[in-house]
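Asker: Sending over a structure as structure tokens; questions will come in a sec.
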Amino acid sequence: MKYSSAEQKSLVARSKAYLAKTDEVAKQTVVDQMSQLQELIVFHEWRYYIQNDPLLSDFEYDQLFKQLEALEAAHPELVRPDSPTQRVSSDVGNDFPSVDHLTPMLSLANSYNAEDLQEFDQQVKRMLNIDADQDIAYAVEPKFDGGSIALVYENDQLARGATRGNGQQGEEMTANARVIRSVPLSAEFSKHNIAKVELRGEVIIRKDRFEDINRKRQEAGLSLFANPRNTATGGLRMKDPKEVAERGLEAFLYTLGFAEDANGNNALENFDTHYESLYMLAKLGFKVPTDGTERKLCKNIAEVVDFCVNWEKGREAYPYEVDGMVVKVNDRRLQERAGHTSHHPRWAIAYKFAAKQATTTLLDVEYQVGKIGTITPVAKTEPVSLAGVTISSISLHNEDFINEKDLRIGDQVLIERAGDVIPYIVKAMDDLRDGSEQPIEWPKNCPINFTEEVIELIREEGEAAWRCPNCVCGAQDLQRIIFHVSKAAMDIDGMGRRYVELFYEYGWLRTMADVYRLPYDEIAQMEGFGSKSVENLRSSIEQAKLSPMWRVLVSLSVHHLGKRSAKLLAAEVDHMMELADWTEEDFLAIKDIGPTVAKNVMAWFGVQRNVQQLRLMEELGVNLSQTEDDKPKAAVTEGPFVGKTILFTGSLQQMSRKEAQEKAAAAGAKNISAVSGNLNILVVGEKAGSKLKKAQALGTVEILTEEEFLALIG
Ligand code: IVH
């Protein structure tokens with residue numbers, strides 16, 4: 001722990017004083033204020049990025065940050081290079097010169113099962129002349145799947161960051177290392193008699209963050225990242241540190257490669273064990289695997305095997321990609337005696353989890369069309385089992401992906417499934433080609449096209465996707481109807497993709513408006529439908545007709561018009577048709593509506609067929625007028641919930657979790673997702689568990705039952 005609990009209490013109290021700008025604070029000198037603010041911000045960043053348990057709201061943190069920025073702007077001569085405001089410096093980019101590592105960055109030998117580990121243990125003992133029945137203690141930690149880095153600190157300041165490169169030399173990327181928020185810009189190594197040190201670690205990205213980034217890239221028509229590892233390593237090698245900062249990289253540190261004291265003596269000898277060096281790193285504020293859960297000190301190889309096997313079982317639930325465990329002799333003197341080959345240390349070994357890669361044959365490419373006409377190529381492969389799932393169909397994303405990988409029909413391809421992530425093609429095994437493989441010809445014309453006409457695909461500048469411009473083709477309509485009824489749009493309960501496809505096949509659905517004139521009598525005759533299920537469907541659809549205008553706007557599949565923009569637009573008009581007459585200026589006059597949304601909404605209303613659709617929907621009873629839900633919300637300014645943070649836990653009896661959160665938000669509260677020092681109110685339903693305990697332990701959280709909450713809401 002970097003901070004004791006007493007220190008943390010004091011830091012929190014001082015933060016509150018700065019936020020409230022008390023007289024005490026105002027009396028301090030500028031130098032004091034700046035150094036205090038820096039200390040406070042570094043502390044809160046540690047709580048956020050290292051402990052994953054912030055004590056301030058984002059807003060409060062931003063306030064502290066702004067105070068420091070303002071003082072620094074007024075006194076530029078007092079800005080310290082390790083100030084949290086100085087992570088991204090505008091003029092320093094990366095050009096990745098080659099640099100020598102202080103000691104070589106070695107690789108690891110691999111093992112795959114319990115026998116391999118036992119063999120490793122025996123080998124270590126033979127090498128060290130230790131009796132076979134004596135125990136050696138091993139430190140076991142995750143083998144993070146990202147890009148390795150070496151961080152040099154000199155006189156307590158981060159002086160250099162470099163990638164692994166060939167192990168001897170890496171590429172210098174200090175500017176990028178500085179923007180990784182879990183990398184401290186300064187750390188008190190001097191307290192441990194260390195003047196210069198090289199730390200090794202892995203830069204990784206959370207799996208959910210990776211998926212978020214790809215979702216956004218997909219929406220923006222950009223090419224997708226293959227997996228979290230590539231997203232992290234690619235991030236490290238970007239030229240512009242500002243972009244790197246946005247990627248949300250994290251760094252776990254796992255070893256000291258080099259350390260010396262002020263007299264140039266080897267300071268690695270200050271540590272008796274690997275564990276001791278990790279304790280020091282944690283104490284200095286670095287992110288290291290957490291003891292007991294992420295890593296373990298095992299007293300012998302049997303414990304190592306158990307820990308590895310158990311870890312593998314839970315790997316999917318872990319937020320980061322991990323491809324195995326690393327087993328290290330804990331005693332540093334034994335490590336030294338064991339030494340290393342030119343490739344790997346003899347005192348450590350990687351235990352690799354079951355492969356999530358396989359090879360198979362690429363048989364064919366088929367194409368799918370999305371709701372805005374994007375053409376997605378899909379590889380059809382010989383079925384192959386990969387991490388328990390049979391795979392025969394893999395997205396190829398877009399034309400560039402196929403070209404970059406030079407994929408050909410008939411190729412043997414290496415495929416991979418990373419975590420919960422969808423399978424993808426890593427590469428074609430071009431050594432195995434026999435000349436019979438056929439290049440994949442990207443279609444010039446829409447390959448799905450339900451009509452007789454030939455329709456040329458178009459690709460807009462800066463986008464990776466080819467689109468079919470033919471918005472009258474049923475293939476796109478089908479995708480649009482599927483989206484129209486989905487949760488994100490009209491949220492028609494019980495009518496998912498399967499029903500839409502079925503009704504489309506029967507000819508009942510051709511456009512979105514048809515959803516509101518389904519032949520219920522005929523549906524009731526179909527196999528698998530009873531009068532009850534048809535009645536349920538009808539009532540969900542009737543319900544959906546009353547949806548707020550913003551939902552209808554979202555449901556139209558206008559490119560880039562998401563929930564947020566739709567709400568902004570719905571707040572401005574009494575009836576949706578008014579938007580048909582809007583000019584670009586009208587759109588741009590709304591804060592947070594940009595030219596892309598303006599252009600796309602205007603283009604949508606410019607198509608006759610679309611406008612007719614809307615009119616028909618309205619005739620069939622779909623609401624296009626502004627509802628209470630669409631109206632701009634006047635901020636709630638009084639009441640028991642204003643300005644408070646709130647969290648619901650356990651199962652609620654009188655409303656869904658979502659309804660409860662909406663009620664709370666409407667009463668001025670802010671919903672948050674974790675119990676921390678930030679939380680004001682916890683509402684407990686039945687079977688509340690660890691969150692309740694944690695809140696009680698904090699002692700600062702007001703705890704309400706569901707009834708009490710409802711009574712207060714009124
Ligand atoms: S120790 C001298 N520990 O795995 C010890 N490596 O094949 C060498 N890696 O490129 C490394 N997590 O970047 C070690 N907890 C961990 C690791 C780890 C990931 C990577 C490392 C290296 C590769 C070794």
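All of the numbers you see were taken from the coordinates with simple rules; none came from a lab. Computed from a predicted structure; not experimentally measured. Neighbour counts are summed over all protein chains in view; Cβ atoms, including those assigned to glycine, are modelled from backbone coordinates with ideal geometry.
Asker: Relative to the Cα centre, what is the charge dipole magnitude of segment 579-714, using +1 at the beta carbon of each Lys and Arg, -1 at the beta carbon of each Asp and Glu, and rounding to the nearest 20 debye?
Answerer: 700
Asker: So, one more: Taking Cα atoms, how many degrees apart are the long axis of helix 207-219 and the longest axis of the chain, rounded to 10 and kept between 0 and 90?
Answerer: 40
Asker: Let me ask you something else. List the residues whose amide H sits under 5 Å from the amide H of residue 703, counting only those 5 or more places along or on another chain, with H placed 1.01 Å from N in the peptide plane.
Answerer: Answer set, sorted by chain and number: 682.
Asker: Which FRET efficiency value, to the nearest 0.05, is calculated for residue 86 and residue 376 with the Förster distance at 35 angstrom and r the Cβ-Cβ distance? All intermediate terms of the calculation are to be shown ahead of the outcome.
Answerer: Values: r = 43 Å, r/R0 = 1.23.
Calculated transfer efficiency: 0.25.
Asker: Applying 1/(1 + (r/R0)^6) with R0 = 41 Å to the Cβ-Cβ distance of residue 662 and residue 432, what FRET efficiency is obtained, to the nearest 0.05? Kindly include the intermediate steps, with their values, before the conclusion.
Answerer: Values: r = 57 Å, r/R0 = 1.38.
Working from the Cβ atoms, E equals 0.15.
Asker: Another one. Can you compute the modelled spin-label distance between residue 384 and residue 451, with each label point 7 Å from Cα toward Cβ, in nm?
Answerer: 4.0
Asker: Please give the residues of segment 271-304, grouped as numeric ranges, whose backbone N is less than 19 Å from a label point set 7 Å along the Cα-to-Cβ vector of residue 693.
Answerer: Counting backbone N atoms under 19 Å from the label point, the list is 291-294.
Asker: Related question: Based on alpha-carbon centroids, what's the gap between segment 418-497 and segment 640-714 in Å, whole number please?
Answerer: For segment 418-497 versus segment 640-714, the Cα centre distance is 43 Å.
Asker: Quick one: which residues, 5 or more positions from residue 466 or on another chain, have an amide H under 5 Å from its amide H? H modelled 1.01 Å from N in the peptide plane, none for Pro or chain starts.
Answerer: 375, 399
Asker: Apply the Karplus curve 6.51 cos²θ - 1.76 cosθ + 1.60, θ = phi - 60°, to the phi angles in segment 282-299 and return the couplings in whole Hz, x for Gly and Pro.
Answerer: My calculation for segment 282-299 gives 4, 5, 7, x, 8, 8, 10, x, 5, 5, x, 9, 7, 10, 8, 8, 9, 7 Hz in order.
Asker: Across all directions of projection, what mean area in square nanometres is found for the Cα convex hull of segment 115-241? Kindly include the intermediate steps, with their values, before the conclusion.
Answerer: On the way: hull surface 46.9 nm².
So the mean shadow area of the Cα hull is 11.7 nm².
Asker: Could you go through segment 258-272 in sequence order and give the Karplus-derived ³J(HN,Hα) for each residue, using 6.51 cos²θ - 1.76 cosθ + 1.60 with θ = phi - 60°, rounded to whole Hz, and x for Gly and Pro?
Answerer: Couplings: 7, 7, 9, 8, 5, 9, x, 7, 4, 9, 4, 5, 5, 9, 7 Hz.
Asker: Here's a follow-up. Taking Cα centroids, how far is segment 297-368 from segment 99-125 in Å?
Answerer: Their Cα centres are 10 Å away from one another.
Asker: Between residue 266 and residue 102, with labels modelled 7 Å along Cα→Cβ, what's the label distance in nm to one decimal, could you check?
Answerer: Once both label points are built, they end up 1.4 nm from each other.
Asker: Further question on the same structure: For the chain, what's the relative contact order in percent, using C-alpha pairs closer than 8 Å and at least 6 residues apart? Working shown, then result.
Answerer: Working: 1216 pairs, mean separation 67.0, N = 714.
Relative contact order comes out at 9 percent.
Asker: Step through the residues of segment 185-197 one at a time and calculate ³J(HN,Hα) from phi using the Karplus curve (6.51 cos²θ - 1.76 cosθ + 1.60, θ = phi - 60°), rounding each to whole Hz and writing x for Gly and Pro.
Answerer: Values per residue, Gly and Pro as x: 6, 9, 8, 7, 5, 4, 5, 10, 6, 10, 9, 9, 8 Hz.
Asker: Set Lys and Arg Cβ to +1 and Asp and Glu Cβ to -1, take the dipole of the chain about its Cα centre, and tell me which of 601, 570, 506 lies farthest positive.
Answerer: 570
Asker: What do you get for the angle between helix 30-45 and the principal long axis of the chain? Use alpha-carbon atoms, 0 to 90 degrees, nearest ten.
Answerer: With both axes taken from Cα atoms, the answer is about 70 degrees.
Asker: On to the next question. Between the helical axis of 608-619 and the dominant principal axis of the chain, each derived from Cα atoms, what acute angle in degrees is found, rounded to the nearest 10?
Answerer: 80
Asker: Take every Cα pair under 8 Å in segment 412-503 that's 6+ residues apart, average their separations, divide by the length, and report that relative contact order as a whole percent. Before the final figure, lay out the partial values.
Answerer: Values: 82 pairs, mean separation 12.8, N = 92.
With pairs under 8 Å counted, the relative contact order is 14 percent.
Asker: Starting from the Cα-Cα distance between residue 522 and residue 293, subtract it from 0.36 nm times their residue separation and give me the gain in nm to one decimal.
Answerer: Values: separation 229, 0.36 × 229 = 82.44 nm, distance 5.77 nm.
Taking 0.36 nm per residue and subtracting the Cα distance, the gain is 76.7 nm.
Asker: Could you sort out which of 143/356; 242/287; 207/356 sit more than 20 Å apart by Cα distance in this structure? Mind dumping the intermediate values first?
Answerer: Details: 143/356 15 Å; 242/287 22 Å; 207/356 16 Å.
Those over the limit are 242/287.
Asker: Among 391-397, 41-47, how do they line up from the highest to the lowest mean number of other beta-carbon atoms within 10 Å?
Answerer: On the way: 391-397: 17.3, 41-47: 20.7.
The densest-packed peptide leads the list: 41-47, 391-397.
Asker: Cβ neighbours within 10 Å, averaged per peptide: list 432-444, 672-684 in order, most packed at the top.
Answerer: On the way: 432-444: 12.1, 672-684: 18.5.
Packing order, densest peptide first, comes out as 672-684, 432-444.
Asker: Calculate the dipole size of the chain relative to its Cα centre from +1 charges on Lys and Arg beta carbons and -1 charges on Asp and Glu beta carbons; express the result in debye to the nearest 20.
Answerer: I would put it at about 1140 debye.
Asker: Note the full-extension length gain between residue 586 and residue 78 as 0.36 nm times their separation in residues minus their Cα-Cα distance, in nm to one decimal.
Answerer: Using 0.36 nm per residue and subtracting the Cα-Cα distance, I get 178.3 nm.
Asker: If each residue's Cβ is checked for other Cβ atoms within 10 Å, how do 526, 325 rank with the fewest at the top? Mind showing how you got there, number by number?
Answerer: Numbers: 526 13, 325 25.
With the fewest neighbours first, 526, 325 line up as 526, 325.
Asker: Pop a pseudo-label 7 angstrom from the Cα along the beta-carbon direction at both residue 596 and residue 536 and give the gap in nm to one decimal.
Answerer: The two pseudo-label positions are separated by 3.9 nm.
Asker: Restricting to Cα atoms and excluding each atom paired with itself, what does the Kirkwood estimate give for segment 213-329 in Å? Walk me through the numbers on the way to the answer.
Answerer: Details: mean 1/r = 0.0572 Å⁻¹.
So the Kirkwood estimate lands at 17.5 Å.
Asker: Let me ask something else. Would you grab the residues whose amide H sits under 5 Å from the one on residue 326? Only those 5+ places off in sequence or on another chain, please, with H modelled 1.01 Å from N.
Answerer: Amide H neighbours of residue 326: 141, 143, 351.
Asker: Let me ask you something else. For the chain, report the convex hull volume of the alpha-carbon atoms normalised per residue, in Å³, without decimals. Spell out each step's value before the answer.
Answerer: Working: hull volume 159.2 nm³, N = 714.
Hull volume over Cα atoms, normalised by residue count, gives 223 Å³.
Asker: So what's the back-of-envelope 222 nm ellipticity for the chain, counting only DSSP H runs of four-plus at -39500 (n - 2.57) apiece and dividing by all residues, rounded to 500? Display every interim value, and only then the final one.
Answerer: Working: 25 runs with 251 residues, N = 714.
Theoretical 222 nm ellipticity from helices: -10500 deg cm²/dmol.
Asker: Here is a follow-up. Considering only the chain, what is the antiparallel percent among its DSSP beta bridges, to the nearest 5?
Answerer: Values: 76 of 89 bridges.
Of all bridge pairs located within the chain, approximately 85 percent are antiparallel.
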